[in-house]
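Remarks on the structure that follows.
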Amino acid sequence: MSVTDTSFIERVGGPLEQLGRLFCFTRRELAQTILDEAAELELHLINRNKELQNSQAELQQTRSRVQQLEAQIRRLEHEQGNNREQLSSMSSQYKKLQQHFKHAVKVIEQQRQEARSLSDSHEELSNEFAESENHWALIRSILTTGPSTDPILADFHRQLEIDFMAFVNSDNSYERKTEALRILRGVERELQLLSATPALANKTLMSVYGPAGSGKSSLINCFLGEKDAHLPIDVDPTISLAHYVYCAPENRVIGYTANGGTLEIEPARLQALPLHTNDSKGFDLGAIMPFTTVATRMDKERFGNICLVKHPGFRPADNRPGNGNASDMALAAGYLNQANAMLWVMDLTREDALCASNINLLGELDRPDRPLYVLLSKAEHFTSGQLVNALDKIVELMDNADITYNGIGAFNTREKRCLLWRRQTLDDFLRSQNKTLPRHDRLLNDVLGVFDNYRTALGRMIRRNEFVQNQLHDSESALVAQADEQALLEFRERIYPIRNLFDNTELVERERKARQLCTNLLSTIQCLFVTITHLPPSSVQIPVVTNLDYLLLDDESAPLASYDASTGWEDALAAELDNPVETPYDANTYSAVLEFLRNGVIQHENESTTPA
């Protein structure tokens with residue numbers, strides 16, 4: 001519709017006139033104005049139509065775009081679906097990877113732990129290897145250490161191992177050969193000890209003994225002032241190494257080899273010696289190094305003149321293989337023979353500590369003249385009431401076994417003191433024994449005692465032979481008085497082997513050799529003590545080796561074991577000879593003699609005369 005249409009003018013004419021008159025416009029002007037406005041409005045509508053068309057075009061483009069977007073959305077949704085499936089798959093894979101990761105972390109942690117364990121094991125093995133190297137280095141040092149160069153010790157060793165051994169091996173009737181060797185080798189061991197450590201020449205040797213694992217080493221360590229020189233503990237009971245511990249200004253440890261040599265050992269190495277169950281591996285260090293001396297700081301008031309001898313303890317019966325009891329006792333006897341006093345240690349925490357067998361063993365080893373103190377270790381684990389009962393029990397067992405003792409104490413290892421005691425405290429006992437005792441007197445008397453026992457046995461055999469020879473002479477004289485030539489010839493023929501059997505020529509020579517060998521050993525001991533103590537020979541007196549008559553002066557034994565006034569000497573001699581183990585004579589001679597004696601052929605047929 002055009003703005004110039006009549007209907008439009010008519011429709012708006014009236015209002016326009018009114019409007020024109022109202023506004024003082026003429027119709028023409030108003031129409032013109034309206035036309036202008038209409039033109040503007042038409043122009044505006046045209047513009048709006050264009051805009052509308054543009055908008056429609058844009059709308060069409062937008063719809064097309066929307067379609068494209070919808071298609072794109074559908075594509076994206078499809079892709080999203082695929083992505084979801086992929087995400088789900090990846091999520092599953094992630095979970096699996098997470099599980100694998102956790103497992104890997106666990107494996108890595110285990111591997112780290114194994115690595116740490118291997119590292120620790122490596123370090124432990126390295127330490128063990130280093131310790132083993134040190135052990136074998138020590139063993140090599142011991143095995144390569146030569147014997148002592150001391151000519152006096154070498155002379156004593158030659159006299160013992162060559163002269164004495166040849167002497168006793170030539171006499172099968174010497175029954176105490178093993179005991180004699182034990183005593184003399186103990187003397188040699190002590191001479192070796194004193195030669196290398198002269199400071200012990202005048203000290204009191206106090207044996208520290210008791211069951212294996214009873215706390216002997218721990219007890220001695222309580223007395224030591226330096227930790228570097230402490231004794232090893234938890235020692236394997238099969239290792240036979242002893243320690244001589246004495247008071248000195250400085251720490252010093254000396255090992256004594258089995259061949260008589262000596263070597264220095266660092267005090268810090270003392271506790272690391274291969275003496276424990278885990279590192280001994282069945283090797284007995286004591287077989288090649290029987291003992292050591294440990295010089296260290298100690299309380300002079302109690303230990304200035306005391307040397308504590310810690311030697312291997314005896315094992316319980318259920319832990320002793322084979323003849324372990326005999327070997328333990330023999331080893332103990334060798335060391336206890338040296339001791340001037342004894343400290344018997346028992347572990348109160350062990351069930352068998354207060355058993356009678358331990359006290360009976362103490363009775364077998366103890367000497368009435370030797371001071372004795374019984375110590376119950378590890379008393380810190382018991383109440384006062386329990387300790388009182390334990391002390392009362394030990395007192396009862398000791399009294400029942402008739403063992404003389406100086407005191408009994410319950411020792412607290414942690415506090416290093418006796419908590420309770422009977423008779424005498426441990427400190428008082430130690431102070432009472434802290435005195436100088438020259439050791440040469442005991443060593444000389446030990447050697448003299450061995451030979452006196454042997455010479456006494458020889459003297460009894462000589463006296464028996466003289467008795468038999470006298471009886472045969474008296475019987476022969478009786479037959480001579482009868483003037484019976486036939487009986488006399490028969491008698492002399494039969495007694496000829498008996499005269500030879502009871503001839504004293506060899507025995508007298510053996511007694512002379514024994515006396516000479518004893519004198520030589522005593523002189524060697526005197527020479528060694530004079531050398532190490534720098535004393536004049538008159539200060540080391542050799543005991544007198546008495547003659548045989550004086551030695552047998554107080555011997556009241558019968559010349560024949562079963563001979564007395566009511567028994568004929570023939571029967572007594574036959575009874576004595578009727579034991580080939582104790583009297584190992586030639587079997588044929590021995591049988592002939594028995595038959596001769598038992599059949600009474602010494603008497604004449606008319607039996608008018610009986611030998612005295």
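The values are calculated or read from the model by the stated rules, or taken from the named source; none is laboratory data. In this text the structure is predicted, and so the values were computed from the model without any measurement. No Cβ is skipped: glycine too gets one built from the backbone with ideal geometry, and neighbour counts run over all protein chains shown. Note: areas computed on protein heavy atoms with side chains; ligands, DNA, RNA excluded. Shrake-Rupley method; radii C 1.70, N 1.55, O 1.52, S 1.80 Å.
Under the condition of being of a type in the set (A, V, I, L, M, F, W, C) and more than 26 Å from the chain's Cα centre (by Cα), which residue from the range 195-222 is farthest from Gly304 (Cα to Cα)? Walk me through how you get there before you give the answer.
Step one: filter the range 195-222 for residues of a type in the set (A, V, I, L, M, F, W, C), giving 196, 199-201, 205-206, 208, 212, 219-220, 222.
Those left that are additionally more than 26 Å from the chain's Cα centre (by Cα): 199, 201.
Numbers: Ala199: 11, Ala201: 13 Å.
Taking the candidates together, the pick is Ala201.
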message: So the check is Cβ under 8 Å with 6+ separation or different chains; which pairs have a first residue in the range 529-556 that's in contact (Cβ under 8 Å) with a residue 60 or more places away in the chain and a second one that's assigned to a helix (DSSP H, G or I) and small (Gly, Ala, Ser)?
response: Ile532/Ser195; Thr533/Ser539; Ile542/Ser523; Leu548/Gly459; Leu551/Gly459; Leu552/Gly459; Asp555/Gly459
Residue identified as part of a helix (DSSP H, G or I), surrounded by fewer than 20 Cβ atoms within 10 Å (Cβ to Cβ) and touching a residue at least 60 places away in the same chain (Cβ under 8 Å) among Gln486, Gln471, Gln526, Gln516: Gln526
field: Flag for Asp441 being at pLDDT 90 or above and open to solvent by 70 Å² or more (accessible area, probe 1.4 Å)
entry: no
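Within the range 360-379, can one find any residue that is β-branched (Val, Ile, Thr) and free of Cβ contacts under 8 Å to residues at least 40 places away in the same chain? Spell out how you get there, then give the answer.
Just the residues of the range 360-379 that are β-branched (Val, Ile, Thr), to begin with: 374.
Filter once more, so that each one left must be free of Cβ contacts under 8 Å to residues at least 40 places away in the same chain: 374.
For the range 360-379, residues β-branched (Val, Ile, Thr) and free of Cβ contacts under 8 Å to residues at least 40 places away in the same chain: present.
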- request: Would you please list the contacts, defined by Cβ atoms under 8 Å and residues six or more apart or on different chains, that run from a residue in the range 207-222 that is modelled with pLDDT under 85 to a residue that is buried (at least 23 other Cβ atoms within 10 Å of the Cβ) and part of a helix (DSSP H, G or I)?
  value: Gly210/Lys216
task: Output yes when any residue across the range 323-331 is at pLDDT 70 or above and either surrounded by fewer than 21 Cβ atoms within 10 Å (Cβ to Cβ) or in contact with a helix residue (DSSP H, G or I) (Cβ under 7 Å, 6 or more places away or on another chain) (or both), and no when none is.
output: no
task: Restricting attention to the range 295-304, report how many residues are closer than 16 Å to Leu193 by Cα and either part of a loop (DSSP other than H, G, I, E, B) or touching a helix residue (DSSP H, G or I) at 6+ places or on another chain (Cβ under 6 Å) (or both).
output: 0
field: Flag for Arg455 being farther than 23 Å from Leu354 by Cα, in contact with a Pro (Cβ under 8 Å, 6 or more places away or on another chain) and surrounded by 15 or more Cβ atoms within 10 Å (Cβ to Cβ)
entry: no
